[in-house]
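Engineer: Before I ask anything, let me first share the structure, which is written out below as structure tokens.
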Amino acid sequence: MLRIFIAITDNEPGVLDRLASTFRRRGFNIHSLTVSPTLDPAVSRFTLVTDLDDKAARAAKSFLERLVNIHSVADVTGTTPLLRDTVLLRVAATGATQAGLFQIANLFQAEVLDVGADSMVLAGSGSPERIEAFMTALRPYGLLEMGRTGAVAMQRCAAAASLETAVSF
Amino acid sequence: MERPPQPPESASASASARAELPGAQIIWRCLEREGVDVVFGYPGGTILPTYDAMVDAKVRHVLARHEQGATHMADGYARASGRTGVVIATSGPGATNLVTGLATAMMDSVPLVAITGQVPSPLLGTDAFQEVDVTGVTIPITKHNYLVRDPRDIAPALREAFALARSGRPGPVLVDITKDAQTRAAVFDWEAAAPRRHLRHVPPPVPDDLLAKAAAMIQGSRRPLILAGHGITLSGAHRALAAFAEKAGIPVAATLLGLDAFPPGHPLFLGFMGMHGSPWTNLAIQEADLLIALGMRFDDRVTGDPATFAPHARKIHVEIDATEVGKNIPVDLALLGDLKDVLDRLEPRTPSLDTGAWLKDLDGMKALFDAPTWPRVRKGEGMSPVDVLKELQAQAPGAVMVSDVGQHQMWEAQVMRHQRPRTLITSGGLGTMGFALPAAIGAKIACPDAEVWAVAGDGGIQMNSQELMTLTQEGLKIGIAVLNNFNLGMVRQWQTHFYGDRRSASTLTISPDFPMLARAYGLRGALARTPGEAAAAIREARAADASTLIEFQVDPEASVYPLIPPGARIQDMIHEPPSQEAPC
């Protein structure tokens, strides 16, 4: 099943390499990965989505927690975390189909970023499920290219306090 | 993160009171402050500034003949002394030659700090002469590593490296320092460089309620068994182990690296477990109703088939590294923390069990297997390798034994009685051939008053034989026992058992004249082909002033028994050769 980990790490060179290496050597594939600095610029936040069974997920968390650069790792899979993902899609578009595409964009609160002679580029944002629905709606028009950020996750207010407050040093 | 070459504002106040030093001098100041008395290394282009500064440093340098040898020396030094070993090498091939040594130390949790030179920072990533991305290469085989490009980062990196190497589960840490960081100057501020991150993942003391739970599990057990691993020695817990085992009346089995953690003559000591362990020890594991695993990791060489391992036993795992819990074998209770602390606190809570019936059962198993006749090898042509080791045991009972990897390593583990912690030094996890000779050099430097023996095969001794020169150079006296069976014996044995005895690249049809090789390096050399010659050669080696290499020519077809085939059930252990071979 898809697992969602949030790792709070030092913001310094090599952290991504160590984290990825922990997965690579055990043959665990990383489904998506986002990283950016937190409110404290010396600290980074990773959201890592991967497909692992329970035992492998426990092992992955434990191996990540052993890394010196890592402050904390949370497996938030079971906490129905808040997820946001952004997709850029190039869709085949002719004069006849443009109007339908604009309607779909409107329905999904997506942006039309560019319109060309035979294609359009749309940007959609939302939960991974909403993006899947957006793509399903667009698929009949002919999807030509996709770029996707991967999920950024945060736990719900009721589920946990800020993961960043756990950072001591 | 790249920093400008000027000192930062925050440091300027203290800077006015302290002179700046070149990075190379900061390295040595740090090593001195860390209490390092000896480093093992090999110079080269990008580490030259550090070697230049070494001339004025109060640290002994041992010049190896190969960087791999230097790493194993630092490893042997660390294992024998309990201190952190230090190895220094240049960039590129110097650094890659450390890889096997670092991986060896990583697998066996040995505290090492490796310092490598790196090309000047403007050349990083340009495929400059002798440039290799050693921090990238060593991520999986170090606890942590650093690429230092600024002299101000040297002291913080080195202090943290030492703290990390010895904290929690020990291991190797590499610090890669560019040549310009060694030559440029910075303020040396030891206090400001105090490490903190090593404390991040050290578990807090085990809560009392978990200790009570463990005590209750022990109380309810009728056939408890302690599995003692390397963690006993690493946490200095051998006395705590003895106190705990004696109070509770629980027998003790040991992993390869736990063999020196419990007195071999103790009535509760059951001996060596695993693939080549004693039959009764392995059967005790299968019969036990409670396993108390202390600083061991249920390695595949211990468990065989994990699904059928210790089927009747509940398991308590005391371990400092959380990744080990449940990794190979599911456990019922994990006590995450320092082993000595856990045992010291568990012992008063532990009941004295009446294990008389269980101990009697174990005696019955020993009798069933005729324990005194083990380890068994065939009575074949040539001298028995087991007899050679028995002779060594008889003459040098208190020696620090440093074994290589292969058949002789298993016979050493089966025969020799390691009386004190840190008297068995061997590459357990990685199984590194070529380890014994350089590690024995490191052990001798750590314990100059101890008798040290390296035991190797005719294969392994040739993997780092260049370090014979280091022995003579340093004026060290050790013994080197080469058990020459004219084969890569363990490979040959597996081919015999698992590949229909088809011998593929396992026969060493030609080897150097080992005694002559020793003499070429300035050592004494001896050859023994009979038990009488063996006894005399050992006697003379022990009486001599210089190191002696003794080549013992032994039965080429002798095999190590018992043997649990890889991945097989413990009860499937093989006791004797396939039928085409002569019986034991």
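The values are calculated or read from the model by the stated rules, or taken from the named source; none is laboratory data. None of the values given here were measured: they were computed from a predicted structure. In this analysis, Cβ positions are derived from the backbone assuming ideal geometry, glycine residues included, and neighbour counts consider all displayed protein chains. Accessible surface areas use protein heavy atoms only, side chains included; no ligands, DNA or RNA. Shrake-Rupley method; radii C 1.70, N 1.55, O 1.52, S 1.80 Å.
Matching residues to (1) touching a residue at least 24 places away in the same chain (Cβ under 8 Å); (2) surrounded by fewer than 15 Cβ atoms within 10 Å (Cβ to Cβ):
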{"site": "A:Ala99", "(1), (2)": "no, yes"}
{"site": "A:Asn106", "(1), (2)": "no, yes"}
{"site": "A:Glu111", "(1), (2)": "no, yes"}
{"site": "A:Asp114", "(1), (2)": "no, yes"}
{"site": "A:Asp118", "(1), (2)": "yes, yes"}
{"site": "A:Val121", "(1), (2)": "yes, no"}
{"site": "A:Gly124", "(1), (2)": "yes, no"}
{"site": "A:Arg130", "(1), (2)": "no, no"}
{"site": "A:Met135", "(1), (2)": "yes, no"}
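Engineer: Looking at region A:1-25 only, could you name the residues that are more than 9 Å from chain B (Cβ to nearest Cβ), part of a strand (DSSP E or B) and open to solvent by 10 Å² or more (accessible area, probe 1.4 Å)?
Structural biologist: Scanning region A:1-25 gives A:Leu2, A:Arg3, A:Ile4.
Engineer: Could you please let me know if A:Thr47 is over 28 Å from B:Ala157 (Cβ atoms), surrounded by 19 or more Cβ atoms within 10 Å (Cβ to Cβ), at pLDDT 95 or above and not basic (Lys, Arg)?
Structural biologist: Taking the combined requirement at face value, the residue satisfies it.
Engineer: Select, from B:Thr116, B:Thr90, B:Thr104, B:Thr100, the only residue that is touching a Phe, Trp or Tyr at 6+ places or on another chain (Cβ under 8 Å), touching a residue at least 60 places away in the same chain (Cβ under 8 Å) and polar (S, T, N, Q).
Structural biologist: Every option except B:Thr104 fails the conditions.
Engineer: Would you check if B:Glu474 is open to solvent by 10 Å² or more (accessible area, probe 1.4 Å), of a type outside the set (Val, Ile, Thr) and farther than 23 Å from B:Ala254 by Cβ?
Structural biologist: yes
Engineer: Of B:Lys360, B:Lys366, which residue is out of contact with any Asp or Glu (no Cβ under 9 Å at 6 or more places or on another chain) and either among the polar types (S, T, N, Q) or modelled with pLDDT of 95 or more (or both)?
Structural biologist: Selected residue: B:Lys360, the only one of B:Lys360, B:Lys366 that is out of contact with any Asp or Glu (no Cβ under 9 Å at 6 or more places or on another chain) and either among the polar types (S, T, N, Q) or modelled with pLDDT of 95 or more (or both).
Engineer: Among the residues of region B:81-98, how many are open to solvent by 40 Å² or more (accessible area, probe 1.4 Å) and either assigned to a strand (DSSP E or B) or over 21 Å from B:Arg60 (Cα atoms) (or both)?
Structural biologist: Total meeting the criteria: 3.
Engineer: In the list B:Asp37, B:Asp133, B:Asp127, which residue meets the criterion of being within 14 Å of another protein chain (Cβ to nearest Cβ), without any contact (Cβ under 8 Å) to a residue 24 or more places away in the chain and of a type in the set (D, E, K, R)?
Structural biologist: It is B:Asp133.
Engineer: How many of the residues in region A:32-70 are more than 14 Å from chain B (Cβ to nearest Cβ) and of a type in the set (Val, Ile, Thr)?
Structural biologist: Within region A:32-70, residues that are more than 14 Å from chain B (Cβ to nearest Cβ) and of a type in the set (Val, Ile, Thr) number 6.
Engineer: Please find, among B:Thr46, B:Thr50, the residue that is in contact (Cβ under 8 Å) with a residue 24 or more places away in the chain, touching a helix residue (DSSP H, G or I) at 6+ places or on another chain (Cβ under 6 Å), within 24 Å of B:Gln466 (Cα to Cα) and open to solvent by less than 20 Å² (accessible area, probe 1.4 Å).
Structural biologist: One residue alone meets the criteria, B:Thr46.
Engineer: Open to solvent by less than 40 Å² (accessible area, probe 1.4 Å) and not in a helix (DSSP H, G or I) - does that describe any residue in region B:512-522?
Structural biologist: Among the residues of region B:512-522, not one is open to solvent by less than 40 Å² (accessible area, probe 1.4 Å) and not in a helix (DSSP H, G or I), which makes the answer no.
Engineer: Return the total of residues in region A:115-143 being in a strand (DSSP E or B), among the aliphatic types (A, V, I, L, M) and more than 21 Å from the chain's Cα centre (by Cα).
Structural biologist: 2
Engineer: Could you count how many residues in region B:172-228 are open to solvent by 20 Å² or more (accessible area, probe 1.4 Å), among the small types (Gly, Ala, Ser) and more than 14 Å from chain A (Cβ to nearest Cβ)?
Structural biologist: The number of residues fulfilling the criteria is 5.
Engineer: Out of all the residues in region B:336-352, which are buried (at least 18 other Cβ atoms within 10 Å of the Cβ) and more than 15 Å from B:Asp208 (Cβ to Cβ)?
Structural biologist: Within region B:336-352, B:Asp338, B:Leu339, B:Lys340 qualify.
Engineer: Continuing with the same structure: Scan region B:543-565 and give yes if some residue there is part of a helix (DSSP H, G or I) and more than 19 Å from B:Pro375 (Cβ to Cβ), otherwise no.
Structural biologist: yes
Engineer: Which pairs do you get when a residue that is closer than 15 Å to B:Leu389 by Cβ, found in region B:517-546, comes within reach of a residue that is among the aliphatic types (A, V, I, L, M) and open to solvent by 80 Å² or more (accessible area, probe 1.4 Å), reach meaning Cβ atoms under 6 angstrom, with the pair 6+ apart or on two chains?
Structural biologist: Within 6 Å, no pair qualifies.
Engineer: OK, next. Take residues that are closer than 30 Å to B:Ala24 by Cα and tell me which of the strands (runs of 3 or more DSSP E) falling wholly in region B:174-271 contain 2 or more.
Structural biologist: Strands (runs of 3 or more DSSP E) meeting the threshold: B:185-187.
Engineer: Residues that are under 27 Å from A:Arg130 (Cα atoms), in a loop (DSSP other than H, G, I, E, B), in contact with a helix residue (DSSP H, G or I) (Cβ under 7 Å, 6 or more places away or on another chain) and more than 13 Å from chain B (Cβ to nearest Cβ): does region A:74-88 have at least one?
Structural biologist: No, every residue in region A:74-88 fails to be under 27 Å from A:Arg130 (Cα atoms), in a loop (DSSP other than H, G, I, E, B), in contact with a helix residue (DSSP H, G or I) (Cβ under 7 Å, 6 or more places away or on another chain) and more than 13 Å from chain B (Cβ to nearest Cβ).
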